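To start, the structure itself, in structure tokens.
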Amino acid sequence: MTTPFTLDGEQRKWCAELRALAARELRPLAREGAPGRVDRPLVQALGELGLLARVLPYQGPEDGGRVRALDLCLLRESLAQECTEAETALALQGLGAYPVLRYGTGPQRARWLPEVVAGRAVAAFALSEPGAGSDAAALELRAERTTGGWRLTGEKCWISNAPEADLYTVFARTGPAPGAAGVTAFLVPGDSPGLGGRPLDMLAPHPVGTLTFDAVPVGPGDVIGEVGAGFRVAMRTLDLFRPSVGAFAVGMARAALDAALTHAGERRAFGGPLKDLQAVSHQLAEMATRTEAAALLVYAAAAAYDAGEAGEAGEGGIARRSAMAKLFATETAHYVVDAAVQIHGARALERGHLLEHLYREVRAPRVYEGATEVQRTIIAKELYRTGGPPRTGEPHSVPDPSAPRSPRS
């Protein structure tokens, strides 16, 4: 039996193959891409290599398929070690299209998922707004009733792949109720009339932008899930993807740690290699320990999800586990990359150095998909809601992936 704390031989072999594939096939494509723009050749390669099919296992219009959270985490971690651009492109396809896979209608799935999985269509998840970032329930994009459906009016901000995506999962307010109530998810094609936007120049050179909605028409056939249940769609999507954000962070931490180990073994100072200095060796030990702990927390959260702990209300602790994994892994990666830069010294600050690249990349995951402070709030609320952390011996403390899985609606 494989516990969430141990990867078996096949999983380790697959991760090694993914790293080699990323270095050989994807990194050269990423280098040719324009910073801050959607890299369509890279997205298409992810489709042709079958990697998007692992993130979005589309089975047909009537059954969208189920995503294995642990596979998603191993994919993101492995790609991040070799090519962060490929990792991000893959993750954004999954995040943007997962609501269609999980909650979409047969026609919605048939129209879009084959194109997204093949890498021919670019997807985006449009939740954040200028006044609704960490407090996603405060969104103000209005969906006003018309004879044949709704018209969307307002703005979205900090949307990955905007404004170049081919389809957007858009969350808008269809009712007067405040907070999470009255939010509906819509599928909005990128060429919809009244839809505009502009790119944003961000610290990490990924495609991020704003979207403007000037009475964009949407009909009943564009609703993802149920009218008024869109916030649940958003939160269940984030419950799945939060551990894999942690996996992305673990991949960057591993890359930074490997670079620091190599440099400390080769660089000579004060009469010997850096690794022989206690200050450096102890720093390396701390970096390695925190990275391993982060990986284990990510794997445990993913295995719990796959074992059936998710549920619509988050029973079994999936919301808490996902928040813990994202919180600890992203904070750890930031620490490890910063420590690796310190060990390297000035050379790591040169434009084009791996650690200079990682230093810019590692900051954003502590903010998006729920900032660090939001994750702590989720964890605290879940502790009180469920009566404290799981204890050794309780059924959900060490989930068994081979056990029968409870249904997830």
Order the peptides 212-225, 243-256 from the highest to the lowest mean number of other Cβ atoms within 10 Å of their residues.
243-256, 212-225
At the level of C-alpha centres, the distance separating region 30-100 and region 167-238, in angstrom, is 20
Any idea what the relative contact order of the chain is, in percent, if you count C-alpha pairs under 8 Å spaced at least 6 apart?
16
What ranking do HIS282, HIS334 get, fewest neighbouring Cβ atoms within 10 angstrom at the top?
HIS282, HIS334
Which shape class applies to region 125-224: rounded if a/c is under 1.5, otherwise prolate when a/b exceeds b/c and oblate if not, where a ≥ b ≥ c are the square roots of the Cα gyration tensor eigenvalues?
oblate
Quote the FRET efficiency, to the nearest 0.05, computed for GLU32 versus MET235 with a Förster distance R0 of 30 Å and r equal to the Cβ-Cβ distance.
0.20
List the equivalent ellipsoid semi-axes of region 9-121 in whole Å, largest first, each obtained as the square root of 5λ for an eigenvalue λ of the Cα gyration tensor.
24, 17, 10
Exposure proxy check on HIS353, HIS344: fewest-to-most Cβ neighbours within 10 Å is HIS353, HIS344
Please give me, ordered by residue number, the trypsin sites (Lys or Arg not before Pro) of region 18-87 that lie in loop per DSSP and have at most 15 other Cβ atoms within 10 Å.
ARG37, ARG66
Close lysine pairs (the chain; alpha-carbon distance under 30 Å; 8 or more apart or on separate chains) counted at 5
For region 230-386 the mean separation of alpha carbon contacts under 8 Å (6+ apart) over residue count, i.e. relative contact order in percent, is 31
Total charge of the residues flanking LEU79 in space, meaning their Cβ is under 13 Å from its Cβ, with Lys and Arg +1 and Asp and Glu -1, is -2
Find the relative contact order for region 9-121 and round it to a whole percent, using C-alpha pairs within less than 8 Å whose residues are 6+ positions apart.
36
Taking Rh as the Kirkwood radius computed over C-alpha pairs, what is the Stokes-Einstein D of region 109-177 at 10 °C in a medium of viscosity 1.306 mPa s, expressed in µm² per second?
119
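Quick note: the coordinates plus some simple rules give every number you see, no bench work behind them. What you see is a predicted model, and the numbers here were worked out from it, not measured in a lab. A quick note on method: Cβ atoms are made from the backbone with ideal geometry, for glycine too, and the neighbour counts reach across all protein chains shown.
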